[in-house]
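Taking it in order: structure first as structure tokens, then the write-up.
The values are calculated or read from the model by the stated rules, or taken from the named source; none is laboratory data. These figures come from a predicted structure and were not determined experimentally. Backbone-built Cβ (ideal geometry, glycine too); neighbour counts: all protein chains shown.
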Amino acid sequence: MSVFSLKLAIEQNRLFNGEISPQFTSEQTRKARAFHQKIAGYQPTPLCDLSELANLFGVGKILVKDESQRFGLNAFKMLGGTYAIAQLLCEKYQMDINDFSFEKIKNTIKEKMTFATTTDGNHGRGVAWAARQLGQHAVVYMPKGSAQERVDHILNLGAECIVTDMNYDDTVRMTMKIAKERGWEVVQDTAWEGYTKIPTWIMQGYSTLADEAVEQMKELGIKRPTHVFLQAGVGAMAGGVLGYLADVYGAQNLHCVVVEPELADCIYRSGVKGEMVNVGGDMPTIMAGLACGEPNPLGWTVLRNCATQFISCQDSVAALGMRVLGNPLGADPRIISGESGAVGLGVLAAVHYHPQRETLKAKLGLNHDSVVLLISTEGDTDVKHYREVVWEGAHPTTA
């Protein structure tokens, strides 16, 4: 067997208290999922059982939620953006979210609205998609270094897309300033003082995927996962999903590992320090969707209370995950997973091939009885880079 060492810094969460958030409960999730179920073309994304890989890695099960098949948008992010926009419009026009329909609200809106957001790619695509469904306008700002393919995805949905010369967090601040000056509605998945309502809706929208996974596990005869690996940028997806899962299973019954790139590991550093820590400067990680330096305080609160461990890892871990998912063992299904989507599986693979494999497995509580849930949050949203990694061997595991 090959042996190689990739960087995995693992920090135990010493602030864990198992406290459930009232904002991210199974009740709130059911409301969000009921909304998504009314959108034309809705269907749960697959939960893939990688039984042969699980056998190789010495765990009971590896289950991967494949979000590349979400509404043809190749990522999960639209779950949050559409739900937040719907809630925003219901509040503005005094409608009940339970009665929401795109056609009804399109006919209700009296004057054209503009939704503004900052994105690394997938969130902006979701906001642009929702705006088009409603016959409205979207303006999407992206940080420097954004792939042209991700820009084109947004432009093709009829939105305006501007790539700045700033990092993600500075671009968020610029977006807020411009939107305020021009009277636009900001739909952002991070929160700050005075801006929490829309990020809360976005996080609740993300939890639809977790509700689907719980239902799918029941259909497979699985009582509950023992582990869930959640990647984090600002921590919105991780917080929304973990909040729901902790409410369903109890945080004490779930070993949650939050994974980030070492070049943008604000949640990991927050876990080390015990309070929110910002990471500044350029964040040139291949995990573009996770290249965020400032934690969402709503997400951080859930992760602080309910996550078990935080991991900061090098980019080669994500690249390894992309290759393993794209080249499955035996009869395991093939999953096309992008840089940000594959990092959870990459951690499992990096542990398996590490010279201290047994020590790392013990630290993560992994054994033959472990049932591991992973979220592949995106497909090949940057096809050129996906092929550079999977075909050409970019970001190799060995020198």
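Taking the criterion of being out of contact with any helix residue (DSSP H, G or I) (no Cβ under 8 Å at 6 or more places or on another chain), at negative phi and surrounded by fewer than 14 Cβ atoms within 10 Å (Cβ to Cβ), the residues of the stretch 382-397 that qualify are ARG387, TRP391, GLU392. Taking LYS363 and the conditions (1) in contact with an Asp or Glu (Cβ under 6 Å, 6 or more places away or on another chain); (2) surrounded by fewer than 22 Cβ atoms within 10 Å (Cβ to Cβ); (3) under 22 Å from GLY271 (Cβ atoms), which numbered condition does it fall short on, given that it satisfies the others? With respect to (1) in contact with an Asp or Glu (Cβ under 6 Å, 6 or more places away or on another chain); (2) surrounded by fewer than 22 Cβ atoms within 10 Å (Cβ to Cβ); (3) under 22 Å from GLY271 (Cβ atoms), LYS363 is out only on (1).
Among the residues of the stretch 213-225, at least one is within 15 Å of the chain's Cα centre (by Cα) and outside the structural domain of ASP169 (by TED's automatic domain parsing). Exactly one residue among LEU329, LEU345 is within 12 Å of VAL64 (Cβ to Cβ), in contact (Cβ under 8 Å) with a residue 12 or more places away in the chain and assigned by TED's automatic domain parsing to the domain that holds VAL277, and that residue is LEU345. In the stretch 56-70, which residues are surrounded by fewer than 21 Cβ atoms within 10 Å (Cβ to Cβ) and either outside the structural domain of PRO333 (by TED's automatic domain parsing) or small (Gly, Ala, Ser) (or both)? Correct list: GLY58, GLY60.
Within the stretch 268-304, the set of residues being of a type outside the set (Ser, Thr, Tyr) and within 18 Å of LEU364 (Cα to Cα) comprises GLY271, VAL272, LEU303, ARG304.
Does ASP170 satisfy being in a loop (DSSP other than H, G, I, E, B), modelled with pLDDT of 90 or more and either acidic (Asp, Glu) or surrounded by fewer than 17 Cβ atoms within 10 Å (Cβ to Cβ) (or both)? Outline the logic, then answer.
Numbers: in a loop (DSSP other than H, G, I, E, B): no; modelled with pLDDT of 90 or more: yes; either acidic (Asp, Glu) or surrounded by fewer than 17 Cβ atoms within 10 Å (Cβ to Cβ) (or both): yes.
No: the conditions fail for ASP170.
Examine the stretch 118-132 for a residue that is over 21 Å from THR381 (Cβ atoms) and either aliphatic (A, V, I, L, M) or not assigned by TED's automatic domain parsing to the domain that holds GLY235 (or both), and state whether such a residue exists. No, the stretch 118-132 has no match at all.
For (1) at pLDDT below 95; (2) more than 26 Å from ASP189 (Cα to Cα), each residue gets a yes or a no:
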{"residue": "GLY18", "(1), (2)": "no, no"}
{"residue": "GLN28", "(1), (2)": "no, no"}
{"residue": "LYS38", "(1), (2)": "yes, no"}
{"residue": "ASP49", "(1), (2)": "no, yes"}
{"residue": "LYS77", "(1), (2)": "yes, no"}
{"residue": "GLU91", "(1), (2)": "yes, no"}
{"residue": "MET95", "(1), (2)": "yes, no"}
{"residue": "ASN98", "(1), (2)": "yes, no"}
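Restricting attention to the stretch 22-74, the residues that are touching a Cys at 6+ places or on another chain (Cβ under 9 Å) and without any contact (Cβ under 8 Å) to a residue 24 or more places away in the chain add up to 0.
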